[in-house]
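What follows draws every value from the coordinates through simple rules; no lab data is involved. In this text, all values refer to a predicted model and were calculated from it rather than measured experimentally. A quick note on method: Cβ atoms are made from the backbone with ideal geometry, for glycine too, and the neighbour counts reach across all protein chains shown.
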Amino acid sequence: MYTADAPSTRPSPEINRLNVAGDSRPSALFIGDSYTGGTGLAEMSYACTTAVRMGWLCNLAAVPGTGYISGGPANRFVVDEYIGRSTSFAERIPRLATVYAPDVVVLDGGRNDLFPPTEDVFRAMVATVEDVRRTWPAATVVFVRPRLLADPSDDLGFDDEFMARLAAEPAAEGVLFVDPIAPLSGTDTSALLAADRKHPNPLGVQAIGAALTDSLEALGPGVRS
């Protein structure tokens with residue numbers, strides 16, 4: 001079973017490093033975990049490489065070990081000396097709202113939320129989507145279905161019925177759902193994994209970035225804001 005990520009030994013990429021004054025490109029905010037943050041510089045994460053391909057500015061709020069529940073009261077922990085105690089996605093939104101006014105918000109988590117009952121995770125996901133919609137009402141919201149590169153066919157308990165229920169929630173009306181890792185099912189992904197055999201290595205980050213871009217482009221021009 002995949003458990004919470006080990007605390008990062010480097011500052012988590014919570015600060016936007018890519019915005020340029022006067023840049024008219026749409027701004028994207030990726031809220032996620034260590035998968036989202038990648039293996040090195042924020043600019044090389046699959047979130048930011050996808051943003052570049054989509055023509056967006058990249059804002060990255062990726063904290064290891066967090067999720068829709070993980071990082072919150074049910075599973076709070078010290079991330080590192082820079083971030084301090086962890087916060088779940090929803091808990092981070094008020095602070096992020098003081099820094100960013102994104103055109104696109106991408107929620108990319110759930111991989112660290114395998115310890116509580118699935119129904120609790122469902123409610124937390126719905127509440128987080130509600131918070132995002134309330135905080136940035138004009139933004140396009142993208143929900144990335146959680147999977148691990150080690151076994152792309154594993155739905156981690158968030159099966160098709162679960163995802164259909166989530167998409168049918170009133171809070172999720174207009175939310176765009178993507179499942180970028182699933183197309184890698186049936187392929188040997190071992191060369192794309194880091195030494196822990198869970199996280200993507202640099203090649204894996206590139207593979208997820210390409211898959212996420214393909215998933216977003218398949219939604220049509222509307223996702224580009």
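Here are a few things to note about the model shown:
- Cβ-derived FRET efficiency at R0 30 Å, residue 99 paired with residue 52, nearest 0.05: 0.90
- Relative contact order of the range 165-225, defined on C-alpha pairs under 8 angstrom at six or more residues apart (%): 29
- Straightening the chain between residue 91 and residue 195 buys 34.3 nm, computed as 0.36 nm per residue apart minus the Cα-Cα spacing.
- Calculated FRET efficiency for the pair residue 44/residue 134, C-beta based, R₀ 25 Å, to 0.05: 0.20
- Rounded D (µm²/s) - the range 70-120, Kirkwood Rh over Cα pairs, Stokes-Einstein at 37 °C, 0.692 mPa s: 261
- Beta bridges from DSSP with both residues in the chain: antiparallel share about 15 percent, rounded to the nearest 5.
- Taking the inverse of the mean reciprocal distance over all distinct Cα pairs, the Kirkwood hydrodynamic radius of the range 122-218 comes to 14.6 Å.
- Radius ratio Rg over Rh of the range 51-188, counting only Cα atoms, Kirkwood formula for Rh: 0.95
- The peptide list 200-207, 140-147, 116-123, put in order of mean Cβ contacts within 10 Å with the highest first, becomes 140-147, 200-207, 116-123.
- Estimated distance in nm for a label pair at residue 151 and residue 77, the labels positioned 7 Å out from Cα along Cα-to-Cβ: 2.1
- In nm, spacing of pseudo-spin labels at residue 182 and residue 168 (7 Å Cα→C-beta vector): 1.7
- Only helices reaching 18 angstrom along their own axis (Cα) with mean Kyte-Doolittle hydropathy no lower than -0.5 count here, and for the DSSP H runs of the chain these are 118-135, 202-217.
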